[in-house]
Amino acid sequence: MFNNFSQQLNKSIDFHSVLSSVAQYASFSCSKQQILDALPNLPLLEIQRQGKLTQEAIDFLQTGAIVNMAGCTDVSMMTKKASKRITLSPKELIDVASFLVACRQVQNSLRSSETVELKDLAESMNVCPNLINQIHSQIDLTGSVKDDATAFLRNKNNELMDVRSNLQKKSRAFLKKHGNQLMENMTTSISGRISVLVKASEKNSFGGMVHGSSQSGLAYYIEPGEFVEDNNRIQMIQVEIEEEKHRICKELSSKVGQNAFHIDSNLQTMTILDICFCKGKWAIDFDGCVPMVHTKDNALLFENARHPLLKKETVVANTYNLKANQYCLMISGPNMGGKSVTLKTIGLFVALTHAGFPLSCHRAHVPYYKSLYFDIGDNQSIENNLSTFSSHISNLSRICAECDENSFILLDEVGNGTDPLEGASLATAILEFLIKKKCTIVTSTHYNQVKAFGKANPHVLVSSVEFNSETLKPTYRYIPGVSGASYAFNIASQYNLDPWILEQANAYKEENIQQHERELERLEKLQEEVLQEKDRFQKLIQEAHRIQKEAMETKAKWEKKKEELDSAYQQELNEMLDAKKEEAQQILADLRKQQTEQMHKQIEKVHAINELYEHSEEEEVNDKETFKVGDYVRVKNLNSHGEIVDLRKNQAVVNVNGMKMKLKINQLTKMIRPKVEKVNTKAHVDRTFKRFPLELNLIGMRVEEGLNTLDHYLDQAVANRIKQVRIVHGMGTGALRSAIWKDLDKHPAVKGKSSAGPNEGGLGATIVVLK
């Protein structure tokens with residue numbers, strides 16, 4: 001029974017071909033054979049258990065982890081032989097040990113994983129570590145007993161080497177001594193005994209044994225008498241060695257028999273684990289999933305389903321969905337349009353689900369069916385005198401009698417092979433009968449009568465496979481809710497059928513077509529036009545989204561580029577600003593160090609600072625203070641103050657000690673104008689100067705006039721709290737300079753004096769430091 005069902009599955013939905021593709025991932029023969037023997041008849045709990053194991057395998061493999069099953073082989077025959085006390089060969093023993101090592105490797109790999117069911121299976125194995133060690137200690141990996149497996153064997157092998165070495169020495173001496181009597185100056189082995197080939201005339205000259213002659217009879221194979229004892233000893237030792245090896249294998253075989261139950265259990269567990277990882281690898285390679293099996297209703301879903309036997313590059317993914325109250329999925333469309341592929345895909349997925357396999361789709365919900373029926377393809381039988389139609393009816397009769405609400409039925413072209421009217425009526429009646437029994441039916445049809453029945457029945461989902469009427473080629477897109485036309489005339493014209501025949505056929509069709517069929521045909525054409533428009537708009541929307549995405553990506557690209565440029569520019573400005581600040585700080589430091597410089601040198605330093613600000617980043621204008629002409633302000637960067645005499649935009653002209661300086665507004669801050677105290681002197685009337693120069697030019701004056709001017713100037717300097725001034729008197733005869741120096745020595749406000757530097761007038765000027 002199962003054999004017939006398996007053949008039906010292979011013929012209807014290529015079930016065995018898909019299992020073969022899964023079996024290619026198997027690591028050894030047991031798991032491969034179980035995959036190939038799988039049938040969709042598992043109990044619900046077993047399907048769910050296998051699904052859970054497969055999902056864990058997928059999750060495990062997707063982390064990049066690897067399960068090494070190298071060394072895994074079918075050891076069932078070996079355990080059976082060992083259980084019957086049959087001695088295993090060294091090769092069989094090392095295969096058992098390698099299998100147990102593979103079990104240990106898998107156990108270690110899964111022990112550190114996050115799996116649950118797989119880990120429990122692995123931990124349930126008894127890897128028999130003592131047996132592994134015993135076999136490995138006496139059998140090497142080539143399947144031979146080690147020369148030192150036991151002390152006795154080691155001694156016998158050493159003894160054998162000594163005897164052979166002694167025999168080799170004797171043979172070399174014999175060849176050297178009797179070389180003229182030999183046909184060949186070399187030894188040979190006859191049945192494992194060292195002999196020589198001697199001339200026929202000398203065969204009795206050496207004693208020993210004659211093992212045979214050459215074909216010509218001119219030479220004989222002689223074992224000289226001096227070789228006999230060593231040859232006998234070698235054969236005796238070899239027999240003892242073989243007996244010891246047999247004893248070792250027998251002892252190890254007995255231990256294998258004692259652990260046969262554990263080894264057989266491990267074999268079953270490793271087979272289950274290997275099948276799980278085969279399914280997991282297949283699902284990952286085919287971008288598949290583990291289906292969810294339920295019993296609540298007839299709802300069926302295969303999302304982005306692809307037939308696994310079709311090429312991955314060209315296969316079209318479709319989503320098939322039946323709601324809870326829909327029992328029948330009816331597919332229509334032209335021949336060669338993809339109806340059979342759709343039927344086989346759905347039927348294959350249902351069968352794989354009930355055999356415990358993953359599916360090549362993104363998501364799957366499948367009801368649990370207790371019986372599966374397939375009627376697809378040509379089932380005619382000459383032996384049973386059944387035509388195609390008779391074969392289909394026979395099969396349908398059995399299905400209708402056996403099916404129930406827990407049955408899945410796949411039918412291709414119901415009612416085909418007989419009179420179209422009778423066939424369509426029969427198909428309609430059969431489908432109505434099956435729907436009443438609440439079976440899940442997936443069927444295809446060309447009959448308008450059947451399609452009209454499906455349109456009117458709420459439990460039927462009418463669908464089609466798309467066909468391009470312009471290129472007359474299928475697109476293999478599944479379209480739910482829309483019935484498809486047959487396109488028989490269009491396809492016939494593609495094969496160059498005579499146009500007259502097509503015209504006559506169309507005329508006959510118009511004569512015989514009924515009104516409801518005409519309306520259905522018109523509706524199908526209208527549906528096709530609507531779908532084409534929908535596809536066109538969908539493509540336009542996709543193109544618009546693509547352009548929008550490209551625009552967003554381009555915008556993001558240029559914004560990123562702008563940010564990079566702004567960042568680079570800002571960094572460059574910051575570096576320049578830092579450099580300028582360092583220069584400014586150096587200039588200020590120079591000003592503080594050189595308090596004795598002339599005023600025009602200080603002004604030069606201030607202008608240098610202003611130049612730095614001109615080339616650096618523009619600072620924020622102080623919006624907390626507003627300035628007007630006449631305000632008294634302090635210069636932030638210098639220990640100076642003065643009155644604003646002019647304002648232009650963000651710049652102000654400030655009178656500092658009689659010198660006009662052009663400064664930026666953000667370099668100024670308001671301050672209270674200082675009060676100047678009046679100083680009374682005996683010789684001069686009190687005078688107050690608002691603007692006081694830091695330099696006095698006496699060139700061209702007489703001595704008396706110059707001294708009076710100097711005294712008055714120094715008084716004003718003291719009144720303005722000036723600490724250093726420059727007196728320019730010129731070189732001349734030196735009389736004015738001498739008189740000035742004498743006067744300065746006597747002046748009570750003068751702290752010190754010195755000649756100006758080379759760049760400040762030299763001997764023609766005097767720097768005066770006031771108290």
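The values are calculated or read from the model by the stated rules, or taken from the named source; none is laboratory data. Predicted model, so just to flag it, every value in this text is computed and none were measured. Here the Cβ is made from the backbone with ideal geometry for all residues, glycine too, and neighbour counts use every protein chain on show. These area figures cover heavy atoms from the full protein model, side chains too; ligands, DNA and RNA do not enter into them. Shrake-Rupley method; radii C 1.70, N 1.55, O 1.52, S 1.80 Å.
Only a single criterion out of (1) assigned to a helix (DSSP H, G or I); (2) within 30 Å of Ala57 (Cα to Cα) is not satisfied by Ser340, namely (2).
So, Leu53, is that one aliphatic (A, V, I, L, M) and over 21 Å from Asn10 (Cβ atoms) or not?
On the way: aliphatic (A, V, I, L, M): yes; over 21 Å from Asn10 (Cβ atoms): yes.
When the stated conditions are applied, Leu53 passes them.
Do we have any residue at all in segment 1-13 that's in contact with an Asp or Glu (Cβ under 9 Å, 6 or more places away or on another chain), farther than 22 Å from Glu251 by Cα and open to solvent by 80 Å² or more (accessible area, probe 1.4 Å)? So far as segment 1-13 goes, no, none of its residues is in contact with an Asp or Glu (Cβ under 9 Å, 6 or more places away or on another chain), farther than 22 Å from Glu251 by Cα and open to solvent by 80 Å² or more (accessible area, probe 1.4 Å).
Against the condition touching a His at 6+ places or on another chain (Cβ under 7 Å) and not in a loop (DSSP other than H, G, I, E, B), how does Ala97 come out, does it pass? It is true that Ala97 is touching a His at 6+ places or on another chain (Cβ under 7 Å) and not in a loop (DSSP other than H, G, I, E, B). When we screen Lys250, Lys255, Lys245, Lys296 for residues that are farther than 29 Å from Pro90 by Cα and not hydroxyl-bearing (Ser, Thr, Tyr), the only hit is Lys296. Could you please let me know if Thr187 is over 60 Å from the mean Cα position of the chain (by Cα) and among the hydroxyl-bearing types (Ser, Thr, Tyr)? Here the answer is yes, as Thr187 does meet what is asked.
Yes/no per residue for (1) closer than 14 Å to Asn697 by Cβ; (2) in contact (Cβ under 8 Å) with a residue 12 or more places away in the chain; (3) out of contact with any Lys or Arg (no Cβ under 8 Å at 6 or more places or on another chain):
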| position | (1), (2), (3) |
| --- | --- |
| Val725 | yes, yes, yes |
| Gly734 | no, no, yes |
| Ser738 | no, no, yes |
| Asp743 | no, yes, yes |
| Ala749 | no, yes, no |
| Ser754 | no, yes, yes |
| Glu760 | yes, yes, no |
| Thr766 | yes, yes, no |
| Val769 | no, yes, no |
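Residues that are open to solvent by less than 40 Å² (accessible area, probe 1.4 Å) and under 15 Å from Ala283 (Cα atoms) within segment 51-72 comprise Gly51, Leu53, Thr54, Glu56, Ala57, Ile58, Phe60, Leu61, listed in sequence order.
For segment 730-748, check the following and say yes or no: at least one residue is under 25 Å from Pro674 (Cβ atoms), touching a strand residue (DSSP E or B) at 6+ places or on another chain (Cβ under 9 Å) and of a type in the set (A, V, I, L, M, F, W, C). No, segment 730-748 contains no residue that is under 25 Å from Pro674 (Cβ atoms), touching a strand residue (DSSP E or B) at 6+ places or on another chain (Cβ under 9 Å) and of a type in the set (A, V, I, L, M, F, W, C). When Gly217 is tested against the conditions (1) closer than 30 Å to Gly71 by Cβ; (2) part of a loop (DSSP other than H, G, I, E, B), the lone failure is (1).
Go over the candidates Val198, Val210 one by one and state the one that is out of contact with any Lys or Arg (no Cβ under 8 Å at 6 or more places or on another chain), among the β-branched types (Val, Ile, Thr) and part of a strand (DSSP E or B). Before the answer, list the steps.
On the way: Val210 fails: out of contact with any Lys or Arg (no Cβ under 8 Å at 6 or more places or on another chain).
Result: Val198 is the single residue among Val198, Val210 that is out of contact with any Lys or Arg (no Cβ under 8 Å at 6 or more places or on another chain), among the β-branched types (Val, Ile, Thr) and part of a strand (DSSP E or B).
Of the residues making up segment 395-418, those that are over 21 Å from Lys339 (Cα atoms) and open to solvent by 70 Å² or more (accessible area, probe 1.4 Å) are Ser397, Arg398, Ala401, Glu402, Glu405. Here Asn304, Asn318, Asn204, Asn232 are screened, and the one residue that is within 34 Å of the chain's Cα centre (by Cα), at pLDDT below 95, surrounded by fewer than 20 Cβ atoms within 10 Å (Cβ to Cβ) and of a type outside the set (Val, Ile, Thr) is Asn304. If you go through segment 164-195 and keep only what is under 14 Å from Arg233 (Cβ atoms), open to solvent by less than 60 Å² (accessible area, probe 1.4 Å), free of Cβ contacts under 8 Å to residues at least 60 places away in the same chain and assigned to a helix (DSSP H, G or I), you end up with just Ser165.
Checking each residue in segment 126-149 for being more than 17 Å from Ser89 (Cα to Cα) and buried (at least 18 other Cβ atoms within 10 Å of the Cβ) picks out Val127, Cys128. In segment 100-125, the qualifying residues are those that are open to solvent by less than 60 Å² (accessible area, probe 1.4 Å) and in a loop (DSSP other than H, G, I, E, B), and the one that is farthest from Glu244 (Cα to Cα) is Thr115.
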